[in-house]
Each structure stands twice: as C-alpha cells, then as structure tokens.
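The next block holds one structure in the form of structure tokens; read it before the comments.
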Amino acid sequence: MPELSVEADPRLWSVVPPESEAEPWLRSLLDSRADEQQARILLAADLAVTAREAAPDSLVLLLCEPVSGLYATLGFLVTEAPAFRDAARAEELALTLTPSPWPPTTTPFTAGAVSGWRVTVLFSDEDAASDEQTADGQNPDAQTADGADASPVTPLGWVRTTYVLDLDGRLVVGQLSPLAPEAGAVALALTERLLPTLEMDHRD
C-alpha cells in the first residue's frame, strides 16, 4: 500500500506516531506548557493516537495550538479503490462516515495535484444541550428579551469535514475530527494550506 506524506507547519501540526513510539512525541508537545494546557494537550493527543491505532496504515496529524485552545485530529487514508468521479458518491461516503439528518455541503476542491470534494456535515449535540439546562429543566439561554421562554431549538453543536480526494488516480479519504463551528472554520483553513503538499510514495 502506498504511503502518504505531507509538509505541515511544525508550529501547528505534528505527525502522530504509533502508540508504542508516542512517549517522546508527547513529551515534546508538553514541554514548557502550563498545567491547564498540558491537560488539554494530553486529551487531544490521546484521541489522536487512538485514531492512529484504529487505522495503522493512515497518516494522522495533530493540530495543536494551546494558546488559542485549538486542537484537532486530521487523518488521511489511501485506498486501493480508484478515485471517485462524481459528487454524489463523495457525499454518500462522507455520510457513511458521519451520519447526519442534515444534508451535507459538498464543494469541488483542487489543491496542487490533489483534487476531489470537500464534504462538510453538521450534527447536533443533544448531550451538550442537556448539560446547559438548569435544574428545573430550562435552558437559561432559551429566553426572549422580556424573559419569556423562547421556542426550543436543536443546537448544531459540531461540524465535521471529510475530503474525498483523487491523488494519482487513487481514492484518498481525509477527515478532520468533529469541532465546534468556529474552531472548525479555523482548522479547515489550516488544513487547506497543507493539502497541496500531500504526496503518495509508491512502495515496491
């Protein structure tokens, strides 16, 4: 199976190693960080390593920006299948990976030698909405200006972006971890800075 590589800004991104080799990588992430930042880095790193272990042939990157509190996992997997040629199949794959009752936003994508589709999926977080409720079962933010209860709404808590790509004729799937919408927008911009450098090494 071909190997993937990418040139990423080392101030923001790092390649996630296998769990057996993760200790030096983790020490470098934690070096000189405040205790509160270390706790968040540990959680983000643990999730990234779990993603790496779940797909040993994948390329997994950790986006780690402790000052702003931005953390995300970005994974790429090259398949043996030929690249998709239509958006409908890209959407179907993205919704299989991240089911959602809302229709996805699918956009053609080209970055250097990489092309395909960016598919962004929205989904609600009912657990988060429940946590925001007070003891009497009311959400303190769900009120009108005069204090009356507003109509209940379903919050869109998360976004997840999947890249369904053509790289040298092969289907390559990339995916960001679920993020709050504001963080997702920043992570998306940073991801698309590195996508033009994505390359495939065909091993003998």
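The values are calculated or read from the model by the stated rules, or taken from the named source; none is laboratory data. All values derive from a computational prediction rather than experimental measurement. Reconstructed Cβ throughout: ideal geometry from the backbone, glycine too, with neighbour counts over all protein chains shown. In case anyone asks, the SASA skips ligands and DNA or RNA and just uses the protein heavy atoms, side chains included. Shrake-Rupley method; radii C 1.70, N 1.55, O 1.52, S 1.80 Å.
Would you mind computing, in nm to one decimal, how far apart the modelled labels at Ala39 and Ala81 are, each placed 7 Å from Cα along Cα→Cβ?
4.2
With each label point set 7 Å from Cα along the Cα-Cβ vector, what nm distance links Thr107 and Ser68?
1.6
May I ask you to give the percent of accessible area on the range 20-111 that is carbon plus sulfur, with a probe radius of 1.4 Å?
54
So with the 1.4 Å probe, I'd like the accessible area per residue for the range 7-123, rounded to whole Å².
Counting only protein heavy atoms, the per-residue value for the range 7-123 is 56 Å².
When only Cα pairs under 8 Å and 6 or more residues apart are kept, what is the percent relative contact order across the range 70-120?
Averaging sequence separation for qualifying contacts and normalising by length gives 29 percent for the range 70-120.
Mind checking the full-extension length gain between Ala180 and Glu23? Use 0.36 nm per residue of separation minus the Cα-Cα distance, one decimal, nm.
53.7 nm
Just order 18-26, 42-50, 77-85, 63-71 by mean Cβ neighbour count inside 10 Å, highest at the front, would you?
Highest-to-lowest ranking by the protection proxy: 42-50, 63-71, 77-85, 18-26.
For a Förster distance of 22 Å, can you work out the FRET efficiency between the beta-carbons of Met1 and Glu53, rounded to the nearest 0.05?
For Met1 and Glu53, the calculated efficiency is 0.85.
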